[in-house]
Amino acid sequence: MIQQSLHYSELSEGEFDVTAGPLAQRWKAVGRGEQAPSPAEEKRLRSSVGYRQVELIPPNRIRFHSSGVAVDLGAIGKGYAVDRAAAVLRSWGIECALINSGGSTFYAIGCPPGQSGWLVHLCDPSAHVESSRSIE
């Protein structure tokens, strides 16, 4: 799973980064009302993020090239679970479904009858304002 995560990190040029967990967790805490990180703290967190700081050593070892690096498999694990759920639904002949995995990950199969897309409600985490968006 780590090897696949690093592959997607490289393909996306770091847009998906398996090491971004500590930084993401800190900003989630800010969303819950904690104080924003100081410039020094943010710099420290950013220095410990970067998939290129992870080296796989066959057959089953990992080396981190920075002391603060951490691997977070939550995002890829969630994506994998959603992909598998969609595959199961398709194998059962389901042609119309919306998989909602906690509000941050969606997978649409087809459209609702008579509709051009799925209507989902998104919440702005900074303002806690809900809005509707169509996924087509």
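The values are calculated or read from the model by the stated rules, or taken from the named source; none is laboratory data. If you're wondering where the values come from, they're calculated on a predicted model, not measured in any experiment. Backbone-built Cβ (ideal geometry, glycine too); neighbour counts: all protein chains shown. Please note that ligands, DNA and RNA were not included when accessible areas were found on the heavy atoms of the full protein model with its side chains. Shrake-Rupley method; radii C 1.70, N 1.55, O 1.52, S 1.80 Å.
Divided by 2.2 N^0.38 Å, where N counts the residues, the Cα radius of gyration of the chain comes to 1.30. With a 1.4 Å probe rolled over the protein heavy atoms of all chains, the accessible area of K78, K43, K28 falls in the order K43, K28, K78, largest first.
I99 to E10: extension gain in nm, 0.36 nm per residue of separation minus the Cα-Cα distance? Gain on extension, I99 to E10, equals 29.3 nm. Given their separation in residues at 0.36 nm each and the Cα-Cα distance between them, W92 and F106 gain 3.1 nm when the chain is fully extended.
Protein heavy-atom accessible surface, 1.4 Å probe, per residue over the chain: 69 Å². As a rough guide to protection, the peptides 86-97, 1-12 ranked by mean Cβ packing within 10 Å, highest first, stand as 1-12, 86-97.
When a 1.4 Å probe is rolled over the protein heavy atoms, the share of accessible surface on region 1-109 that falls to carbon and sulfur comes to 53 percent. Result for the chain in a Gaussian network model with C-alpha springs under 10 Å: among P37, P58, P22, the largest mean-square fluctuation is at P58.
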